[in-house]
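The values are calculated or read from the model by the stated rules, or taken from the named source; none is laboratory data. Quantities reported herein were computed from a predicted structural model and do not represent experimental measurements. Because the Cβ atoms are built from the backbone with ideal geometry, glycine has one as well, and the counts that use them run over all protein chains shown. For the accessible areas, the whole protein counts, side chains as well, though only heavy atoms, and no ligand, DNA or RNA atoms are used. Shrake-Rupley method; radii C 1.70, N 1.55, O 1.52, S 1.80 Å.
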Amino acid sequence: MDRSSLLQLIQEQQLDPENTGFIGADTFAGLVHSHELPLDPAKLDMLVALAQSNERGQVCYQELVDLISSKRSSSFKRAIANGQRALPRDGLLDEPGLGVYKRFVRYVAYEILPCEVDRRWYFYRHRSCPPPVFMASVTLAQIIVFLCYGARLNKWVLQTYHPEYMKSPLVYHPGHRARAWRFLTYMFMHVGLEQLGFNALLQLMIGVPLEMVHGLLRISLLYLAGVLAGSLTVSITDMRAPVVGGSGGVYALCSAHLANVVMNWAGMRCPYKLLRMVLALVCMSSEVGRAVWLRFSPPLPASGPQPSFMAHLAGAVVGVSMGLTILRSYEERLQDQCGWWVVLLAYGTFLLFAVFWNIFAYDLLGAHIPPPP
């Protein structure tokens, strides 16, 4: 029986004869069992949890429609979150007989989401289509670009020290500020094999699970916001330096995920979470330290200033602010949150300031920038 037939049956049975807008959960459950309706048991569990959050043990008719339709309104989420009892079934970790892919989906649910209700909701409604194509596509493009330049220049380590490398139309250089696409396309270029490997690993390990849970639009927005903030921050704080690498976007993803774990520490069930957080912070700090060293104490003579490290820090700030708002609102529209508009206004103000800075400040301050390659 499809959704429309089920809703028609609900209306025919007159489950709400007084037109109150509410339906008794026990009455509906009895209807499902008496007619042997093929409704997902997980949804019945959520229906019971929803009713338990209501003093009279009833469910709003619209919320029932949303549940059957696999939609989830903010009121539905709040009703479950405010319920006094847990869901009657065991957690996902006790789910038997799962295939390899469903076990991976369960792993992603426990890795990303802090609430058992959210984890079960994601697990039972997850579909493999569309796949998480954004982070995979970005990583693949970065690897292809790196291999092309490595083969062309015959250099695989510290490629930025090759004079021809910085002539790429993808690299951000302060002398080419008018070419606006460079503020984003620099993410496809990397200092060398080590930086590419670090970024690609984090994008696949953290970015892909985040995209599976929160969707392409949210994660691509977060990643690109970190990339753009990285180059614009460098243009303001380190006016002589070029920028390469996708570290702004990577640090936005990582800092957002780590901040989400810290904010929901008690609810997170990912294994060895403290050890993993310490290792992630050590790796990220080491990468920033390496970038600072290459910027101010390059191991080889170079024709000009080396790429700046400020993109890493800018990406981290974007992740903690914008990213935390995005990841905290699973299955809830961002436009319904006041915090989202505050963060969006702050980010828009920064973009506007950075644009005017790049147009006027370099001439007004008499900045001596290196000639573009």
Can you tell me how region 245-373 classifies by the Cα gyration tensor, rounded, prolate or oblate, using a/c under 1.5 as the rounded cut? oblate
If you take the alpha carbon radius of gyration of region 303-373 and divide it by 2.2 N^0.38 Å, what ratio comes out, to two decimals? 1.54
I'd like the accessible area for Asp118, computed on protein heavy atoms only with a 1.4 Å probe and all protein chains in place. Round to 10 Å², please. 20 Å²
Regarding region 133-365, what are the three Cα extents along the principal axes, ordered largest first, in Å? 51, 40, 30
Between Arg152 and Thr237, what length comes free when the chain is fully extended (0.36 nm per residue of separation minus the Cα-Cα distance, one decimal in nm)? 27.3 nm
Pick out, in residue order, every one of the chymotrypsin sites (Phe, Trp or Tyr not before Pro) in region 268-317 that is DSSP loop and has at most 13 other C-beta atoms within 10 Å; say none if there are none. Tyr272
Cys270 paired with Ser137, simple spin-label distance in nm, labels 7 Å along Cα-to-beta-carbon: 2.5 nm
In Hz, Karplus ³J(HN,Hα) per residue of region 108-113 (6.51, -1.76, 1.60; θ = phi - 60°; x = Gly, Pro): 4, 4, 6, 6, 9, 9
With DNA, RNA and ligands ignored, accessible area of Arg290 (1.4 Å probe; Å², nearest 10): 40 Å²
Mind computing the radius of gyration and Dmax over the alpha-carbon atoms of region 256-324? Å is fine for both. 15.8, 52
